[in-house]
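Below you'll find the structure, written out as structure tokens, and then a few comments.
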Amino acid sequence: MSTTATDALRMAAEASLRAPSIFNTQPWRWHFGADFLELYADPDRQLPVVDPDRRLTTLSCGIALHHARTALAAEGHTDEVSRLPDPGRPDLLAHIRTTGRSTPRPADIRRYAATLTRHTNRRLFTNQRVPAEALDRLLDVAEGQGIHLYVLQHEDTTALVTAVSHAQDLQMANPAYRAELAHWTRQLQTGGDCVPADTVTAPVRHRVPVRNFGVEECGGLNPGTGFDQEARYAVLAGNTDEPASWLRAGEALSAVLLTAVDEGLAVSPINDVAEVPSARAHLSEMLGGIENPFLALQIGVAESVTGVPATPRRDPADATEFDR
Ligand SMILES: Cc1cc2nc3c(=O)[nH]c(=O)nc-3n(C[C@H](O)[C@H](O)[C@H](O)COP(=O)(O)O)c2cc1C
């Protein structure tokens, strides 16, 4: 049975809650009308230390926007989106209006299904190679959103390790950063947000160190055997460094993540390197002087591991409000 526009919009907002976000802050709110949804950034969920200019908040909202539109497409609804439609209301990031019906494409249905199974892989990747054709598809879907995905050559990995380690050293030396991280790591399961300690892993086991969540005992994770030898590293970058590009980068990241699931790949952000200006400059140099790197990613074939708990999500009612 086909869904009404109102039901499809409700499903879209629910699907958006499965989107990944920086520190699992889920920094958005949805406003519902009969045939539209408005996406707002939630300034109360911004991270003042990690994200002072709101780049990562806006990017996370872009992921939610793409997840929502993926649900609409899979439910057979066409839509029209205005991004940042009102300069007087900068928190209003997007207005989505349903415009009619269409037959869902198989790719839309698979991507919608991927919103349910995707999660951030912080375990080691296997020794399976990432096929070049799969990487090309990830590049294409990012480009479809006007965002570039640059894949690093294997020989650049050492330079990436240096830049990431530099960023992590500076961040961990900052008490305000450590307090913000602790707040969003240890405030477990109370409000359906935060990064649970048992989903993180020890940074030293990896070829490129993952974020140090400051948790001594990392439970439930299989250390694996491959030391990420076949993982690929990539950077999402835009043409400008402003909210419109950050939102698009989030949409591109969502498209990359959901397509990766379809390709049998796992993609995880290693983003500390893009949060520290000097490390971000290294990242840019490493890629021949690209402008506006937004986010670094690792891409690989993940081991199938059981026992890692899912990261919690907020109650949809907490993130939505309705027209009367
Ligand atoms: C913009 C952004 C940056 C992120 N940076 C990191 C990171 O540096 N290290 C990390 O382990 N996870 C990072 N994540 C993953 C989030 O912590 C993760 O999406 C969130 O905890 C929800 O878990 P899930 O992706 O498994 O659903 C990032 C996610 C986003 C959207």
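Taken together, the values in this text are just the output of simple stated rules run on the coordinates, not laboratory data. Predicted model only: the values in this text are computed from it and were never measured. Note: ideal-geometry Cβ built from the backbone for every residue, glycine included; neighbour counts use all protein chains shown.
Figures for the structure shown
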quantity	calculated
Residues with amide H under 5 Å from that of Arg101, placed H, sequence gap 5 or more	Thr78
Protection-proxy order for peptides 269-280, 109-120, 94-105, each taking the mean of Cβ atoms within 10 Å per residue, highest first	269-280, 109-120, 94-105
Within the chain, helix-based [θ] at 222 nm, where runs of 4 or more DSSP H residues each add -39,500 (n - 2.57), nearest 500	-11500 deg cm²/dmol
Segment 97-176 - charge dipole about Cα centre, Lys and Arg +1 at Cβ, Asp and Glu -1, debye rounded to 20	660
Three-way shape label, segment 49-131, alpha-carbon gyration tensor, a/c 1.5	oblate
Rg ratio (alpha-carbon, reference 2.2 N^0.38 Å) - the chain	0.95
10 Å-binned pair-distance histogram of segment 132-300 (Cα, whole percent)	10, 35, 40, 15, 0
Karplus 3J(HN,Hα) series, Hz, for segment 116-128 with 6.51 cos²θ - 1.76 cosθ + 1.60 (x for Gly, Pro)	7, 9, 5, 8, 6, 8, 10, 8, 5, 8, 6, 7, 6
Sites Ala34 and Thr240, calculated FRET efficiency, Cβ-Cβ separation with R0 41 Å, nearest 0.05	0.75
Amide H partners (placed H, <5 Å) of Ala94, local residues excluded	Leu39, Leu84
Additional length obtainable on full extension of the chain from Arg178 to Ser102, 0.36 nm per residue less Cα span	22.5 nm
Electrostatic dipole magnitude of the chain [Cβ: Lys, Arg +1; Asp, Glu -1; Cα centre; debye, to 20]	460
Segment 1-73 versus segment 287-301: alpha-carbon centroid distance in Å	24
